[in-house]
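Any read-out appearing in this document is the output of simple, stated calculations on the displayed coordinates, not a laboratory observation. In this text the structure is predicted, and so the values were computed from the model without any measurement. Here Cβ is always computed from backbone atoms with ideal geometry, including for glycine, and neighbour counts include all displayed protein chains.
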Amino acid sequence: MSQPQVGVVMGSSSDWDTMQHAVQILQDFGIAHEARVVSAHRMPDDMFAYAEAAAGRGLQAIIAGAGGAAHLPGMLAAKTVVPVLGVPVQSKALSGVDSLHSIVQMPKGVPVATFAIGAAGAANAALFAVALLANQDPVLRQKLETFRAAQTEAARAMTLPV
Ligand code: RP5
């Protein structure tokens, strides 16, 4: 694949079940991307290196998923001005509310765009990255319009068992 435009990182391979939904969307839209485990607390030096290299490597957005005390998105955002899109992974102990609060409550000055807990958040983070890239890419924007139109048609075709 060509030089990645979007990086998908996660705190653990156990986050893959959730984060694969982001990767699937990027694949569907033909966005050059990469997916890696970059743990904030198990490999902090690697995390800093990833963030510091992001702009120079041409990344336009970083989608970061983590669960529990989910500091990965915020710490990446602290080390780069590349937009960071945070995905709270559903944790066992607190169902992902801990992850959500950890990611969403960034103090003023270092933003993380925070999405819903779990698979929907991962998919929407990727769709948001597509929308960012589509600002400079009319072909991609048309693909996004087509994707939305298909959803509209699917909703209109829904029936109820009554
Ligand atoms: C976080 O701890 C990861 O993002 C993951 O959601 C959670 C649990 O990790 P594992 O113990 O399953 O590797 O860092």
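Points to keep in mind about this one:
- For the chain, the longest piece that avoids every one of the trypsin sites (Lys or Arg not before Pro) found in DSSP loops with at most 14 other C-beta atoms within 10 Å covers 109-162.
- Among beta bridges from DSSP that stay inside the chain, the antiparallel ones total about 0%.
- Under-5 Å amide H pairs with GLY67, H placed in peptide plane, nonlocal only: GLY11, VAL89
- Computed from point charges on the beta carbon alone (+1 for Lys and Arg, -1 for Asp and Glu), the dipole magnitude for segment 78-162 about its Cα centre is near 100 Debye.
- Positive-end extreme of charge dipole, the chain - chosen from PRO161, THR18, VAL37 (charges on Cβ): PRO161
- Kyte-Doolittle at least 0.5, axis length at least 18 Å by Cα - qualifying DSSP helices, the chain: 119-134
- Whichever lysines have a C-alpha closer than 20 Å to that of LYS79, once near sequence neighbours (fewer than 8 apart) are set aside: LYS108
- Take every pair of alpha-carbon atoms less than 8 Å apart whose residues are at least six positions apart; their mean separation over the length of the chain yields a relative contact order of 22 percent.
- Take the Cα of GLN3, step 7 Å toward its Cβ, do the same at LEU94, and the gap between the two points is 4.0 nm.
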